[in-house]
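Written below as structure tokens is the structure these notes are about.
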Amino acid sequence: MSLKVCKDHPLSQTHFRLSLEREGVFQPRIIPGNCLAKKSREEGIGLVEVIIALGVGIIIVTAMVSLAVFTLRTSTVNERLVKGTRLTNQQLERARALRDDYITSATWEDFYLYASGLNCTTDCSDAGSCYINDGISLVEGLPAASDGITSCIYFETVSGNTEVINVIAVSTWEIGGETKFTHNYSQLSNWSVR
């Protein structure tokens, strides 16, 4: 009878030989190879492992696609908000320029009567809305859209004060079936008396 001991076994060959020869038992036989590696009856990848790996992969891909869609939507909303705010501020600056043109060529009272006499609606998608074009002229009617954003402007008088008029600019757009808007307002005053 012989004992099979691998040469890579943590117990040394000498230890076995000494302990077995003293007792007069048998001589161990050395088998080449790595005995520390476990021998397994399982070879390759099983069906369960493949299904689990596919499931994990699908979950990761779905999460990445959802993140990309959310990021794209947020980026588009923010881009439209920035453009809408820019167009709104542009309408206010044009209103200031229109006021300045009136004051230098006529009087504040002429501008006040003109602006307070307008029947501009607050809805930029309505034909009764007003906007100030590039030539600093007030136009009554539906404003042209810039990148899907329409901007309009309207004036409101301040009760009991003819030296100040409120000007409100609004920009609207649609995204994802929802109407979004940004607005800004300012007070225009008669700077010629100051």
CYS124 vs. criteria touching a residue at least 40 places away in the same chain (Cβ under 8 Å) and not in a helix (DSSP H, G or I): yes
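Go through LEU138, LEU188, LEU142 for me and flag whichever is farther than 26 Å from ARG80 by Cα and not acidic (Asp, Glu). Break it down into steps so the answer makes sense when it comes.
Details: LEU138 fails: farther than 26 Å from ARG80 by Cα; LEU142 fails: farther than 26 Å from ARG80 by Cα.
Of the residues listed, the single one that is farther than 26 Å from ARG80 by Cα and not acidic (Asp, Glu) is LEU188.
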Checked the range 93-120 for anything surrounded by 14 or more Cβ atoms within 10 Å (Cβ to Cβ) and touching a Gly at 6+ places or on another chain (Cβ under 8 Å); matches are CYS120
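Grab the strands (runs of 3 or more DSSP E) fully contained in the range 128-194, keeping just those with 2 or more residues being in the same structural domain as THR107 (by TED's automatic domain parsing), under 32 Å from the mean Cα position of the chain (by Cα) and in contact (Cβ under 8 Å) with a residue 12 or more places away in the chain. So that I can check it myself, show each step before the final result.
On the way: elements: 130-132, 138-140, 150-158, 161-175, 178-189.
Per the criteria, 130-132, 150-158, 161-175, 178-189.
Which one is surrounded by the most Cβ atoms within 10 Å (Cβ to Cβ) among residues in the range 139-158 that are of a type in the set (Gly, Ala, Ser) and at pLDDT below 90? I'd like the intermediate steps shown before the answer.
Filtering the range 139-158 for residues of a type in the set (Gly, Ala, Ser) gives 141, 144-146, 148, 151.
Next cut, at pLDDT below 90 only: 141, 144-146, 148.
Working: GLY141: 13, ALA144: 10, ALA145: 13, SER146: 15, GLY148: 12.
Out of the qualifying residues, it is SER146.
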If you go through the range 59-81 one residue at a time, do you hit one that is β-branched (Val, Ile, Thr), crowded, with 16+ Cβ neighbours inside 10 Å, more than 24 Å from TRP173 (Cβ to Cβ) and assigned by TED's automatic domain parsing to the domain that holds GLU163? no
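The values are calculated or read from the model by the stated rules, or taken from the named source; none is laboratory data. Just so it is clear, the structure is predicted and the values come from calculations on it, not from any experiment. Glycine gets a Cβ as well: all are built from the backbone with ideal geometry, and neighbour counts include every protein chain shown.
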